[in-house]
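Below you'll find the structure, written out as structure tokens, and then a few comments.
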Amino acid sequence: MRRWVVETMIVAAVGVLTAYRLATTPVALGDRVPDLWAYAAAAVMVLVLPVRRRWPVGVLIVVGGLYLAYHINHYPGGAPSVPAWVALYSVGAASRRRVGLPVAALFVLLDAQGRVAVAGARPFDASLDSSTVVFVAALLLGEVVRGRRTQLALLAADQSRAAEQRIVEDRIRIARELHDVTAHTLAVVSVQAGVAADVLNEDPAQARAALREVRRASREAMVELRAAVGVLRDGTPAAGRSRRRPRSIGCPRWPSRQVRS
């Protein structure tokens, strides 16, 4: 599934859940009923989420600022916290967090301090635990996901290096085979061509036999060379290619009678 589809589904789910929470959250004595401004702030918090992967810190600043402004204006607490959860998770999951983590910590502290001031609670009152714990949990969940992604990336890199090493080793082996085939064939061709040249006039039959041996050795060498070069070029083993070395060809018998110079 494409990423934009996933992002659309996430934004839609967060938007629906945030609107539902705004509409159903009980309004305590002294709080303002969520109005157009509250819904507009929540809408902006949701609509900036699609760019959170690219700019997680910027999204957290926008979402966190609107979230704090929502509570400063005495709207029912906790209603638009879902976008804040997603923004905090994105900061925790980001690969670069040198700025994101301090901003996330500042947001959590400002949220706790603001609720202490609005609700008149003490700094370590139990009523503050739920929101703070959820915010920290969202941040830690992002950290866990980031660590998992890092491990998978390192594993993939190790596997890629191992595969490249195997390819290099295989090509070195094939290069050695090329050298062996070429050296062996040239030796056979040199010997048999010498035999054919020496006995061409005195023993044409032996000369023809030597030339046939040259042709046979050259044909076998071409088959081996094509297969080996195909592997080096394509990086995949040639179909049906045997990895045996060319069969050894014994040195031919030199003619028994002296060749006249």
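These residues, TRP4, TRP55, TRP85, go from largest to smallest accessible area, 1.4 Å probe, as TRP4, TRP55, TRP85.
Rank HIS184, HIS179, HIS71 by accessible area, highest first, at a 1.4 Å probe radius?
Numbers: HIS184 50, HIS179 125, HIS71 25 Å².
So, going from the largest accessible area down, we get HIS179, HIS184, HIS71.
Averaged over its residues, segment 1-117 has an accessible area of 55 Å² per residue, based on protein heavy atoms and a 1.4 Å probe. Does segment 1-69 come out rounded, prolate or oblate by the C-alpha gyration tensor, with a ≥ b ≥ c the root eigenvalues, rounded set by a/c under 1.5 and, if not, prolate when a/b is larger than b/c and oblate if not? In terms of gyration-tensor shape, oblate. For segment 171-219, the share of alpha carbon pairs falling in successive 10 Å distance bins from zero is 29, 40, 20, 10, 2 percent.
Taking only protein heavy atoms into account and a 1.4 Å probe, give the accessible area per residue of segment 129-192 in Å².
66
For GLU169, the accessible surface of its heavy atoms amounts to roughly 100 Å² (probe 1.4 Å, protein chains only, rounded to the nearest 10).
Ligands, DNA and RNA aside, TYR20 has an accessible area near 140 Å² when probed at 1.4 Å. Solvent-accessible area of GLU164, all protein chains in place: 110 Å² (probe radius 1.4 Å, heavy atoms, ligands and nucleic acids excluded).
Summarise the accessible area of segment 16-98 (1.4 Å probe, protein heavy atoms) by the percent that is carbon and sulfur. Mind dumping the intermediate values first?
Values: 2850 of 4270 Å².
Of all accessible area on segment 16-98, carbon and sulfur atoms account for 67 percent.
The values are calculated or read from the model by the stated rules, or taken from the named source; none is laboratory data. Not measured: the values here are computed from a predicted model. Each accessible area value is taken on the protein alone, full model and side chains, heavy atoms only, with ligands, DNA and RNA left out. Shrake-Rupley method; radii C 1.70, N 1.55, O 1.52, S 1.80 Å.
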